[in-house]
Amino acid sequence: MAEASRTFHATLFSLPTFSPRFHFKLSYSHSHPSLHLKRARSVQRSISETKTMSLNTTLPWGCDIDSLENAEALQNWLSDSGLPPQKVGINKVEMGKRGLVALKKINRGEKILFVPPSLLISSDSDWSSPVAGHVLKQQNVADLPLLATYLISEANLQKSSRWSNYISSLPREPYSLLHWTRSELDRYLKASQIRLRAIERIADITGTFDDLRRRIFSKHPHLFPKEVFNLVTFRWSFGILLSRLVYLYSMDGKVALVPWADMLNHSCEVETYLNYDKSSQAVVFTTDRAYQPGEQGTNLNDSVELPLSLKISDKCYKQKLKALMKHGLSASQCYPIQISGWPLELMAYAYLTVSPPSMSKQFEEMAAMASNESIIRKDLRYPEIEEKAVQFILDSCESSISKYSKFLKESGSMDLDITSQEQQNRGVFLKQLAVDLCTSEQKILYRAQYKLKRRLRDMRSGELRA
């Protein structure tokens with residue numbers, strides 16, 4: 001599902017306030033689930049309130065997720081506002097959803113999607129309500145919550161806002177997991193590590209909203225009325241931002257919404273190829289390969305989180321845990337597995353897990369590398385335990401595969417907890433999203449399993465030859 005895949009991952013792995021990374025770079029968080037339990041419990045009331053509000057509240061802005069009419073109106077407005085002729089156009093793609101597809105053959109390395117800076121939405125954008133913007137900036141509100149509030153403010157103005165055509169093209173109900181209730185996350189995503197990240201992200205965003213409400217919104221109700229600036233609209237704006245924000249390295253790291261370019265399917269490798277081009281004086285998308293007319297891209301950087309844990313029976317458990325905690329890690333960590341491979345940090349964690357007492361002097365070095373905070377050489381290897389480390393990763397990979405298999409097998413007979421037709425439709429929809437997501441993640445794990453087995457085979461055959 002075109003926008004679903006992009007939104008699921010980007011929403012959970014891109015928030016700079018709570019993660020060291022930015023938009024579209026699918027990496028990992030070092031946070032252990034237990035570290036967030038206290039905070040997660042504290043927002044259960046807010047989550048329950050949001051469930052009630054979201055079922056009964058229809059936002060007065062935005063459009064249906066598959067609306068081509070609003071998207072075409074956006075294209076016309078952008079053209080009138082200075083967007084040059086493009087080499088891609090909006091069309092229905094997977095599952096009838098919207099996406100940008102090639103209008104003609106496009107070669108690898110070709111620049112497309114020329115969007116001038118005047119059409120970017122960033123923390124520097126002018127507010128239609130300047131006083132509201134001034135109040136937030138006086139309080140030193142960070143860029144992301146500032147943009148979230150800005151988006152709500154402009155959306156509420158509807159036709160009076162410069163961005164009305166753009167906001168009208170945004171989905172009224174994004175696929176974002178921020179809109180899932182806790183029971184829905186527990187029910188449909190129990191096989192995926194995304195469930196834990198969603199719970200953490202919802203807690204983080206709820207906490208951010210509560211802070212803004214306490215410090216600013218409640219003190220300026222004439223600027224930020226609760227009927228407009230509430231948890232429902234805040235989750236909507238964050239869902240939009242986290243699935244569409246772009247980190248523009250060539251513009252001094254500016255973070256921005258790029259109308260039109262944000263129609264790109266996540267399967268296009270925007271993290272590497274979408275940036276400001278000084279010669280073109282526009283934000284451009286540089287293709288990763290050749291595309292035929294009507295074709296979308298694929299992304300070798302799609303990933304799935306693999307959970308790893310120290311063994312409690314390990315004689316050096318306490319010593320290893322101490323080394324990990326020194327670098328902000330814990331006994332259980334999640335790292336990304338990609339079709340193209342896995343990060344060095346994952347390998348370092350595996351080394352630490354399988355290392356014997358005789359290597360205790362290296363525990364600190366391994367933990368530092370596993371945390372991505374090390375200045376140690378990047379070719380860190382321990383040949384004497386490499387086979388055990390790879391086997392450990394393989395065992396963890398196969399354990400995750402079995403959980404996905406169990407969920408996918410049971411999903412066919414999963415009963416939907418329904419009390420109305422609306423809830424039935426939502427349940428069917430979320431269940432299908434979960435099945436698609438888990439199927440996609442399991443495929444990545446199968447690919448990793450194959451590569452790990454082949455690596456073990458090569459290592460063992462090398463030993464036999466030696």
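The gain in end-to-end length when the residue 423 to residue 279 segment is fully stretched comes to 46.7 nm, 0.36 nm per residue minus the alpha carbon separation. Note on surface exposure: 69, 441 rank 69, 441 by accessible area, highest first, 1.4 Å probe.
Amide H contacts for residue 193 (H built 1.01 Å from N in the peptide plane; partners 5 or more residues away or on another chain; cut-off under 5 Å): 305.
The charge dipole of the stretch 303-461, taken about its Cα centre with unit charges on the Cβ of Lys, Arg, Asp and Glu (plus for the first two, minus for the last two), comes to roughly 540 debye. Note on residue 461 and residue 131: the model spin-label points, each 7 Å out from Cα along the C-beta direction, lie 7.5 nm apart.
Remark: for residue pairs 322/361; 315/361; 311/451, the C-alpha separation exceeds 22 Å in 311/451. At R0 = 45 Å, how high is the FRET efficiency between residue 450 and residue 79 if r is their beta carbon distance? Nearest 0.05 is fine. Efficiency, rounded to the nearest 0.05: 0.45. Residues 200, 227, sorted by accessible area with the largest first, give 227, 200 [1.4 Å probe; ligands and nucleic acids excluded]. All other residues whose Cβ lies under 15 angstrom from that of residue 280 are scored, Lys and Arg at +1 and Asp and Glu at -1, for a net of +1. Annotation: amide H of residue 88 within the under-5 Å range of 103, 113, sequence separation 5 or more or interchain, hydrogens built in the peptide plane. The Stokes-Einstein estimate for the stretch 303-461, based on a Kirkwood radius over Cα pairs and taken at 37 °C with 0.692 mPa s viscosity, is a diffusion coefficient of 188 µm²/s.
Close amide H contacts of residue 277 (hydrogens built in the peptide plane, cut-off under 5 Å, sequence separation of 5 or more or a different chain): 282, 283, 284. Derived scalar couplings between HN and Hα for the stretch 447-459 equal 5, 5, 4, 4, 5, 5, 5, 5, 5, 5, 4, 5, 5 Hz in order, rounded to whole Hz, by the Karplus curve 6.51 cos²θ - 1.76 cosθ + 1.60 (θ = phi - 60°), x for Gly and Pro. Measuring spread by the Cα atoms of the stretch 394-446 yields a radius of gyration and Dmax of 13.4, 44 Å.
The values are calculated or read from the model by the stated rules, or taken from the named source; none is laboratory data. Note that the structure is a prediction, hence the values are computed from the model and not measured. Quick reminder, even Gly has a Cβ in these numbers, built from the backbone with ideal geometry, and neighbours come from all protein chains shown. Note: accessible area is taken over every heavy atom of the protein model, side chains too, but ligands, DNA and RNA are not part of it. Shrake-Rupley method; radii C 1.70, N 1.55, O 1.52, S 1.80 Å.
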